[in-house]
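The values are calculated or read from the model by the stated rules, or taken from the named source; none is laboratory data. The shown structure was predicted, so the numbers you read here are calculated from the model rather than taken from an experiment. Heads up, the Cβs are rebuilt from the backbone with ideal geometry, glycines too, and the neighbour counts pull from every protein chain shown. Just the protein is used for accessible areas: all its heavy atoms, side chains included, with ligands, DNA and RNA removed. Shrake-Rupley method; radii C 1.70, N 1.55, O 1.52, S 1.80 Å.
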Amino acid sequence: MKASVKLDKSYRISKIDRRIYGSFIEHMGRAVYGGIYEPGHPSADEDGFRKDVLELVAKLNVPIVRYPGGNFVSGYDWTDGIGPKELRPKRLDLAWQTTETNQVGLNEFCKWAKKANTDVMMAVNLGTKGIEDAQNIVEYCNSKTDTKFANLRRAHGFEEPHNIKVWCLGNEMDGSWQTGAKTAHEYARIAHEAGKAMKWVDDSIELVACGSSSYYMPTFGEWEAAVLDEGYETIDYMSLHQYYGNAENDTPSFIAESIALDGFISTVVSICDYIKGKHHSKKNVNVSLDEWNVWYHSNEQDKKLEKWMTARPLLEDVYNFEDALLVGCMLMVMMRHADRLKMACLAQLVNVIAPIMTETGGRAWAQTIYYPFMHAAKYGVGDAMHIITDSPKHDTKKYTDVPYLETMVTYNEEKSEMTIFAVNRSEDEEIIAEYDMRDFEGYTVDEHIQMAGHGAKDVNTADDPYNVIPETVTGTTELDGGKLTAKLPAFSWNVIRLSK
Ligand code: AHR
């Protein structure tokens with residue numbers, strides 16, 4: 001089948017904020033213990049961080065990592081995780097029915113983030129804690145003052161502040177599963193008041209308010225409006241979370257879920273703008289998709305795990321090839337919303353619904369979803385282009401008019417580079433896609449990276465870590481007379497890199 005794409009140098013959506021390629025480490029499962037941190041592991045460094053994991057993280061180019069939760073944060077006392085390790089208490093973590101040893105806390109995580117060349121997005125506990133606790137943690141992390149919590153940080157060996165810029169006001173406070181879940185009104189009040197105090201400690205920080213835990217929450221829409229109505233001038237970003245699954249084994253609908261994500265983001269942006277208008281405000285509240293991914297493979301196995309173990313191996317989804325294609329489609333949707341989507345966190349980074357897997361004491365490897373994420377973070381930079389795609393469409397059980405071709409173009413003017421991302425959703429037919437390149441005279445194709453020829457359920461494992469990996473293909477593109485013709489095989493992820 002054939003598809004065509006129109007693009008023009010001056011039709012741009014916005015510069016892409018690289019923070020849309022963020023990720024997430026929660027104190028849960030084996031994300032921290034046995035994931036990023038494992039003293040005694042053959043690859044552990046002097047701080048107990050696994051270097052094999054750090055290497056895989058470095059290749060992903062992650063600009064920001066959310067921490068320490070997630071549901072975990074809503075019952076967390078951050079002061080348990082600071083100071084001498086031998087004095088730190090073990091605690092019940094109600095969110096994940098786990099014993100938390102507190103051997104890693106915020107100082108260790110900030111150290112890890114430096115080694116991983118990434119920033120920290122810190123979440124505060126607005127479940128069981130409140131304003132004072134939120135204010136104190138900002139002082140501990142960011143203040144240079146001669147006051148209690150800044151001095152405590154110094155006493156713990158960190159003379160210089162961590163300077164954490166992005167702070168989440170709690171996590172999924174609309175969900176009954178959250179310790180200290182709240183009504184929209186209750187949350188709106190505490191988020192606003194805690195946010196005010198946090199900004200009074202450090203007015204350079206940016207605040208992310210909890211939006212809905214998913215598009216399908218019964219309070220979706222009204223929740224966001226109520227929270228913004230209360231704290232519009234305090235809040236900088238409204239969050240949204242979304243996971244998809246294919247429990248029904250309906251692949252065509254599954255890889256079309258990015259269409260729902262597109263609508264979800266647009267609706268949250270509209271709600272932000274509705275409240276902006278209502279308040280006659282000059283400021284824009286932007287959006288942060290601070291949890292997103294595929295999550296369903298591990299649901300059954302998790303029910304069998306023993307409670308109160310440390311580092312219970314929770315949410316260890318093994319990702320397959322169709323998951324990688326959906327992740328690729330979701331990333332393109334995010335680029336398309338570059339004007340208002342300023343942050344996003346692939347949830348999560350290591351072992352817990354993650355692109356990187358480890359064996360405790362053993363190997364580390366990349367899952368299928370690692371690759372589209374890595375490509376987007378590396379090459380999806382510069383401006384997101386406003387393209388017009390004409391693709392054959394089909395209906396699935398869940399969605400109508402699903403284009404077979406999902407594509408996006410980014411343009412890095414400074415470096416004279418551009419990247420075409422494309423997924424062919426058809427399971428059996430190649431797409432010949434024509435990109436109108438008349439406005440990009442002198443550009444030539446540097447590389448066509450592809451993931452194709454795999455079964456939908458193919459996976460990578462510790463024993464077979466390179467089963468589903470990208471390759472550079474040749475003879476698949478032709479650039480002639482201002483037209484780039486690309487062969488996109490059935491069921492494939494494609495990255496076509498051009499430069500002048
Ligand atoms: O990422 C796993 C969990 O999903 C997070 O703890 C929570 O915020 C969401 O429900």
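For the reader, a short list of remarks on this structure follows.
- Check on Val287, more than 16 Å from the ligand (Cβ to nearest atom), over 21 Å from Gln348 (Cα atoms) and touching a Gly at 6+ places or on another chain (Cβ under 9 Å): no
- Test: residue in region 400-415 that is of a type in the set (Asp, Glu), part of a strand (DSSP E or B), open to solvent by 40 Å² or more (accessible area, probe 1.4 Å) and not assigned by TED's automatic domain parsing to the domain that holds Gly362: no
- Leading residue by the ranking (nearest to the ligand (Cβ to nearest atom)) among those in region 37-72 that are among the β-branched types (Val, Ile, Thr) and within 23 Å of Phe158 (Cα to Cα): Val65
Results for (1) in contact with a Phe, Trp or Tyr (Cβ under 6 Å, 6 or more places away or on another chain); (2) in the same structural domain as Val65 (by TED's automatic domain parsing); (3) open to solvent by 20 Å² or more (accessible area, probe 1.4 Å), shown as yes or no for each residue.
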{"residue": "Met122", "(1), (2), (3)": "yes, yes, no"}
{"residue": "Ile131", "(1), (2), (3)": "no, yes, yes"}
{"residue": "Tyr140", "(1), (2), (3)": "yes, yes, no"}
{"residue": "Arg154", "(1), (2), (3)": "no, yes, yes"}
{"residue": "Gly157", "(1), (2), (3)": "no, yes, yes"}
{"residue": "Trp167", "(1), (2), (3)": "no, yes, no"}
{"residue": "Met173", "(1), (2), (3)": "yes, yes, no"}
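- Pick from region 8-53, criterion closer than 21 Å to Leu346 by Cβ and of a type in the set (S, T, N, Q), ranking: most open to solvent (accessible area, probe 1.4 Å): Ser14
- There is no residue in region 209-217 that is polar (S, T, N, Q), in a helix (DSSP H, G or I) and in contact with a His (Cβ under 9 Å, 6 or more places away or on another chain).
- Test: Thr360 is more than 16 Å from the ligand (Cβ to nearest atom), in contact with an Asp or Glu (Cβ under 8 Å, 6 or more places away or on another chain), hydroxyl-bearing (Ser, Thr, Tyr) and open to solvent by 10 Å² or more (accessible area, probe 1.4 Å): yes
- Residue that is surrounded by the most Cβ atoms within 10 Å (Cβ to Cβ), among those in region 76-95 that are within 26 Å of Val62 (Cα to Cα) and in contact (Cβ under 8 Å) with a residue 40 or more places away in the chain: Tyr76
- Of the residues making up region 376-393, those that are on the phi < 0 side of the Ramachandran plot, open to solvent by 10 Å² or more (accessible area, probe 1.4 Å) and either assigned to a loop (DSSP other than H, G, I, E, B) or not acidic (Asp, Glu) (or both) number 10.
- Residues in region 464-496 that are surrounded by fewer than 18 Cβ atoms within 10 Å (Cβ to Cβ), touching a residue at least 24 places away in the same chain (Cβ under 8 Å) and in a strand (DSSP E or B): Thr472, Val473, Leu479, Lys483, Thr485.
- Annotation note: Cβ proximity below 9 Å between a residue of region 8-22 that is within 20 Å of Asn293 (Cβ to Cβ) and a residue that is open to solvent by 80 Å² or more (accessible area, probe 1.4 Å) (sequence gap 6+ or interchain) occurs for Arg19/Asp119; Tyr21/Lys378; Gly22/Asp119.
- Filtered residues of region 98-116 (kept if in contact (Cβ under 8 Å) with a residue 12 or more places away in the chain and open to solvent by 50 Å² or more (accessible area, probe 1.4 Å)): Gln103, Lys111, Lys115
- The numbered conditions (1) free of Cβ contacts under 8 Å to residues at least 24 places away in the same chain; (2) crowded, with 16+ Cβ neighbours inside 10 Å are all true for Ala422 except (1).
- Top-ranked residue in region 223-270 [being within 25 Å of Lys165 (Cβ to Cβ) and either of a type in the set (Ser, Thr, Tyr) or within 16 Å of the ligand (Cβ to nearest atom) (or both); ranked as surrounded by the fewest Cβ atoms within 10 Å (Cβ to Cβ)]: Tyr232
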